[in-house]
Amino acid sequence: MRRMQWRRPSAWREPRPTVAEQPEPGPQPTTDRVARGRLAQQLLDDPTLVAALKAIEDDLGGTWRNSKVGAVEEREAAYRMVYAIEALRAKLRSYVTDGRVIETRNRQAEAQEAADRGEA
């Protein structure tokens, strides 16, 4: 049997890009809780996302219902995936609620400041 000689991948021979040539990083998560809440609400209202998550849940439900008696790991995996989808929805709802609470507090603080200045 003939052994193949190991070669360094060609990508290793290419020069690495300098810092200035690095691609721009993707969108950063927002730290503005009001904006994050609004974006989360847009996701929850997005019909494509809603339909995709529903389709995945339906597929997983079918996997669970049609699994064989001894396929415990298969059912557990389906359950964990459905649970993950629900955790995603819960986190998005939490962001929405958090954003609304902050927005309400900001409005109340602005109203109080205006009242203190006599602008009511």
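In whole percent, what relative contact order does segment 32-116 give with Cα contacts below 8 Å and a gap of six or more residues? Let's see the in-between values first.
Details: 52 pairs, mean separation 43.7, N = 85.
Rounded, it is 51 percent for segment 32-116.
Which order do the peptides 94-103, 81-90 come out in when sorted by mean C-beta neighbours inside 10 angstrom, highest first?
Numbers: 94-103: 15.8, 81-90: 12.9.
Going from most to least packed, we get 94-103, 81-90.
Per residue of segment 88-93, what does 6.51 cos²θ - 1.76 cosθ + 1.60 with θ = phi - 60° give for ³J(HN,Hα)? Whole Hz please, x for Gly and Pro, Karplus curve as stated.
With the stated coefficients, segment 88-93 comes to 4, 4, 4, 5, 5, 4 Hz.
Once label points are set 7 Å from the Cα along Cα→Cβ at both E86 and A109, what is their separation, rounded to one decimal in nm?
With each label point 7 Å from Cα toward Cβ, the separation is 3.6 nm.
Select from G37, L49, V69 the residue farthest towards the positive end of the dipole of segment 32-116; place +1 on Cβ of Lys and Arg, -1 on Cβ of Asp and Glu, and compute about the Cα centre.
Projecting each Cα onto the dipole axis, the largest value belongs to V69.
Each reported figure results from applying straightforward, stated rules to the coordinates on display, with no laboratory input. Just so we're clear, the structure is a prediction, and the values are computed from it rather than from any experiment. A quick note on method: Cβ atoms are made from the backbone with ideal geometry, for glycine too, and the neighbour counts reach across all protein chains shown.
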